[in-house]
Amino acid sequence: MASTPDNRSMSHALHPFEQLTPDAVLDALSSVGLHGDGRLMALSSYENRVYQVQLESPAMGHAQVVTKFYRPQRWSDEAILEEHAFAAELEAAEVPMVGPLVVDARTLHHHSGFAFSVSPRRGGRPPELDDLDVLEWIGRFLARIHVVGAARPFAARPALDLQSFGQEPRDWLLGHEAIPLDMTSRWRDVCDAALKAIAAALKAHPVRSLRLHGDVHPGNILWTPDAGPHFVDLDDARTGPAVQDLWMLLSGDRSQRQRQLGALLDGYEQMREFDRAELALIEPLRTLRLIHYSAWLARRWDDPAFPRAFPWFGSSDYWQGQVQILEEQLEAMAEPPLVA
């Protein structure tokens, strides 16, 4: 990098999450009347900090809870409360969404500069996406999420669009000299070509937007054989096309992805109509996520968890790989879309 990750991390003051010690987590829970017995476990999360906590005695029917501390200055309280309200709507519609508990008549709490919420613990494992019956089951519930999501718009949460997921991250990376000089022009040129192709696809295939989960990947689905899926983590809930909540569940070669998509839509269309024109947006949306992801890593580098978890980020080799991936995405966007 022109300004290396190591140098940039050294120039920053103590990151807020470094102050989130186990005692601070337990104190925050105690501030809302939930008392941990000292046993807590950090769960996988980079954007926020999430802990499973054993309570001294069951509260609201739960012996364990999961507490989520939101990244400071990422979302406004209004945007977080919209996430919570969406979760509550889904739960009321009997969609298996794990939303925050109402504690002291609130779902959003504050302690020592942190906003946090408390949710029930739910067990499960990532779903087997090679099982077409599992995908059909998930498809039915994704449709039910979208039935609720289409009922009203978000007011405080943003849209997933070309500007916020493509153009702005590109400009940030270039403006902050986050790409090594030997790779800057190559990455900029291929990124510009990708953004042009995405813009053309969005213009050619205008779709209806609705409230989305926004980040439906296997890690955000807790699967049990008897109950099926439970969806977690609405932190990235945004407005966008329905297909955004489907494409991240597709993997493998084209024939595999086509079979998986067919199973998802077999389930989805039992509950809600799906606009097949949106299938042309799968590769453009994937490309937007790639651009956004690079900027996300660069913006979070002052968080000590990121250099530890992503030591490969920022090198010329990383950006060379990104150039190659974006070139592949240009080819993918030029191919006919998947059909199901």
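Across segment 183-189, computed HN-Hα scalar couplings (Karplus, 6.51 cos²θ - 1.76 cosθ + 1.60, θ = phi - 60°) run 10, 4, 5, 5, 5, 4, 5 Hz from first to last residue, x flagging Gly and Pro.
Report the FRET efficiency, 1/(1 + (r/R0)^6), for residue 200 and residue 46, where r is their Cβ-Cβ distance and R0 is 41 Å, rounded to 0.05. My answer for the efficiency is 0.80. When 339, 148, 102, 216 are arranged by Cβ crowding within 10 Å, least crowded first, meaning fewest neighbours, the order is 339, 102, 148, 216. Remark: spin-label model distance residue 299-residue 78 equals 1.9 nm, labels positioned 7 Å along the Cα→Cβ axis.
When each of 70, 46, 268 is scored by the number of other beta-carbon atoms lying within 10 Å, the sequence from fewest to most is 46, 70, 268.
Couplings 3J(HN,Hα) of segment 278-293, computed from phi: 5, 4, 5, 9, 4, 5, x, 5, 4, 5, 4, 5, 4, 5, 4, 5 Hz, in residue order, whole Hz [Karplus 6.51 cos²θ - 1.76 cosθ + 1.60, θ = phi - 60°; x for Gly and Pro]. Across segment 155-166, coupling constants 3J(HN,Hα) worked out from phi with the 6.51/-1.76/1.60 Karplus curve, θ = phi - 60°, read 9, 9, 8, x, 8, 8, 9, 4, 5, 6, 9, x Hz, and Gly and Pro carry x. In this simple spin-label approximation, residue 110 and residue 327 carry label points 7 Å from Cα along the Cα→Cβ vector, and these lie 5.1 nm apart.
With R₀ set to 25 Å, the beta-carbon distance separating residue 161 from residue 92 gives a calculated FRET efficiency near 0.30. Pairwise over distinct Cα atoms, reciprocal of the mean inverse distance: report the Kirkwood radius of segment 128-228 in Å, one decimal place. After inverting the pairwise mean of 1/r, the radius is 17.0 Å.
Stretching residue 121 away from residue 224 to a fully extended chain increases their span by 35.7 nm, per 0.36 nm per residue minus the current alpha-carbon distance. With loop membership from DSSP and a limit of 10 other Cβ atoms within 10 Å, the longest segment of the chain without GluC sites (Glu not before Pro) is 95-272. From the helices alone, meaning DSSP H stretches of at least four residues, give me the mean residue ellipticity at 222 nm for the chain, per-run term -39500 (n - 2.57), in deg cm²/dmol to the nearest 500. Mean residue ellipticity at 222 nm (helix-derived): -13000 deg cm²/dmol.
Maximal additional length on extending the residue 31-residue 254 stretch stands at 75.1 nm, based on 0.36 nm per residue less the C-alpha distance.
The distance between label points at residue 192 and residue 339 comes to 3.7 nm (points 7 Å beyond Cα on the Cα→Cβ vector). Determine the distance separating the Cα centre of segment 70-97 from the Cα centre of segment 157-193; give it in Å without decimals. Spelled out, the Cα-based centre of one part sits 29 Å from the other. Once C-alpha pairs closer than 8 Å and six or more residues apart are averaged by separation and normalised to the residue number of segment 132-334, the relative contact order reads 36 percent.
Every number in this text was worked out from the coordinates using simple rules, so none of it is lab data. Predicted model, so just to flag it, every value in this text is computed and none were measured. All Cβ positions, glycine included, derive from the backbone under ideal geometry; neighbour counts span all protein chains shown.
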